[in-house]
Each structure stands twice: as C-alpha cells, then as structure tokens.
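**Q** I am attaching a structure below and will ask some questions about it afterwards.
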Amino acid sequence: MTEAAKQFDTALWQMMQANEANWDARTPVHLASRFYGVGQATDPSRWFAAFEWEDLGDLTGLDVLHLQCHLGTETLAFAERGAHTVGLDISGASVAAARDLAASAGRDIDYVQANVYDAAAALGGRRFDVVYTGKGALCYLPDLANWAETISRLLRPGGRLYIVEFHPLLNALGPKPSPDEGPELVLRHDYLGDRGAVRRDSTYTYTDGEAVQGATESFEWMHGLDQVVNALISAGLRIEKLRESNELPWPRWPEMIPTPSGWWRLPDTSPRIPLLFALLAGR
C-alpha cells in the first residue's frame, strides 16, 4: 500500500482512483486535440506567461520537478531552458504519452507515474531546486496540508515552489443559466472548498475532440487562496511573491479577446478580475 493510500479514508482514496482512471481515458482525446497541438510545431512556452520566466529566473543546470504534468507539453519548456527536468503524473497513459513527446522533441526528461502524495517516495528521496505545479492541478488534490508537506520534502534547502494556477474566483464564475439572460458572468460555484468533493461525470473534457471512452467520472476539490497560502506556511515554506493576472492561456468563455501576449482576457466592458494567480515560495 502506498503512502497516499494510507493517508486517506476509503471514500477519498476511491475518488482519487477514479481521477486516475479518468485521466487515463482523457489522454487519447487530448493527444488528438487541437487544444494541445501535439505533433504540430507549437512552442511549449505558449502555456507560460512572461512573468513566470521572470519569477523563475535562469534555470540552466537546475533540477526542476513538474508535478501533475499530464502530457508534458509544459514540462518541455523547462528542459528547453537547460533544466534537468522531471515530470510526475498520476496517469500512466499520460506519462507514456509524455515520454513519447519528449523523445520526439529530443529532450531528456525523466517521467514518473505516481500520486502526488507519493512523490517523495516515488522519486527515491530526490530533492529539487524548483518544484512547479498548476494550471488546473490543485483542484484534484483533496488535502492541501499533506500536499504542502510533500512539497517541503521535495525541495532542497534554498529550493523554490512556483504555483501558477487558475484563480479560485475563475472557478466560481460561470455564464448565466440561460443565454437569453445575456453574456455576463455570475457567481455560480463555490469559491471556498468547505463542502467536500465536487463530482463530475462528463463524456467531453475542456479540449476539443471526441468523447471520452470509458471512465468519465472525476472528482474535484475547491481551494480558496487562503487555504493554499496557509498550507504552505504551515509546512515551513516562506511566501516570497504573489501575483494575480486577468489573462488566461486559452479563451475560457466565448466573449474573451486576445491580448498582445497571445493569451486571452475578458473584454473592456467586463470588470477587471483575477483569473490566474502565481505564488513563489521558498524553503
């Protein structure tokens, strides 16, 4: 039994196993999607805001771990910047795809399949200069306290955690129930995660492409910004920088408009609100 299996009660563990099966089922859909553009001449840096590289600085020769890396489309960018790069993901299908993509790109990246809560053991006690995670990752973690403790064990002294994640406000917003009521966004979902897991059952994912075949059930947990920050502080990490951004790397809603950076934001007629946050913490 893995450490993750020991940490959680049966119900939570079954939810995480359902997520693993769901991401296995999503992988072939995402590999064929235009959203990820696998097999096309796409720059992996398109998934990164300019401020991310500013915050991270020179990565040449550093050991970088990308947690919950999925297909590794972002992980490639760290290797391109000279980092000794490792990717970890719960999905065996995603890890296999990521290895193929790295080989096709001529990048030496080590990919490991493991639950994020088992990362320290799965990586043999190895420690890193930078741990990176985000853009749709934290919502699949039921326990931020254990996650933060895991991060602390993965970082060597002086190492840094960098989270770039969808803002809790983004996850709380949605269009009005009826298109006839107008295009404005309204608060439709929880910002805080006090009510437990949100069960989803969908044959289509956030990308374009075919329906998911097989495991369509998944579970998500909402985490407020305070929950993320306080979990890291409790694990002994020092918050060094927090950013909020009104841009996303893809158009979440039809009314979003492109920006000079190649990302997307809400139109000028909408309030300026945070859609993404970035947090840098040190050990």
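What follows draws every value from the coordinates through simple rules; no lab data is involved. What you see is a predicted model; the values in this text were computed from it and never measured. Counting neighbours? That spans all protein chains shown, and the Cβs are built from the backbone with ideal geometry, glycine included.
**Q** What are the residues whose amide H is under 5 Å from the amide H of H66, where those residues sit 5 or more places off or on another chain and H is modelled from the backbone?
**A** Residues meeting the criterion, in which the H sits 1.01 Å from N, are V86, G87, L88, Y132.
**Q** Once phi is turned into θ = phi - 60°, what whole-Hz ³J(HN,Hα) does the Karplus curve with 6.51, -1.76 and 1.60 give for every residue of the range 195-210, x standing for Gly and Pro?
**A** 10, x, 6, 9, 8, 10, 9, 9, 7, 10, 9, 6, 9, 6, x, 6
**Q** Mind listing the phi-derived Karplus ³J(HN,Hα) values for the range 105-117, rounded to whole Hz, using 6.51, -1.76 and 1.60 with θ = phi - 60°, and x for any glycine or proline?
**A** Karplus-based 3J(HN,Hα) across the range 105-117 equals 7, x, 10, 8, 10, 9, 10, 10, 8, 6, 5, 4, 6 Hz.
**Q** Could you run the Karplus curve 6.51 cos²θ - 1.76 cosθ + 1.60 with θ = phi - 60° over the range 87-95 and give me ³J(HN,Hα) per residue in whole Hz, x for Gly and Pro?
**A** Per-residue couplings from phi come out as x, 10, 8, 6, 8, x, 5, 5, 5 Hz.
**Q** Evaluate E = 1/(1 + (r/R0)^6) for R34 and E3, where r is the Cβ-Cβ distance and R0 equals 45 Å; express this FRET efficiency to the nearest 0.05.
**A** With R0 = 45 Å, the Cβ-Cβ based efficiency is 0.75.
**Q** What is the dipole size for the chain, taken about its Cα centre, with +1 at each Lys and Arg Cβ and -1 at each Asp and Glu Cβ, in debye to the nearest 20?
**A** Once rounded to the nearest 20, the dipole reads 420 debye.
**Q** Continuing with this model, one more query. Would you pull out the residues with amide H under 5 Å of L275's amide H, same chain only if 5 or more places away, H placed 1.01 Å from N?
**A** Those lying under 5 Å, H to H, from L275 are S245, N246, E247.
**Q** Quick check: from the Cα gyration tensor, does the range 3-282 come out rounded (a/c under 1.5), prolate or oblate? Each step should come with its number before you reach the end.
**A** Working: a/c = 1.25, a/b = 1.21, b/c = 1.03.
Verdict is rounded for the range 3-282.
**Q** For K241, list long-range residues whose amide hydrogen, built 1.01 Å from N in the peptide plane, is under 5 Å from its own amide hydrogen.
**A** Amide H neighbours of K241, under 5 Å, 5+ apart: L280.
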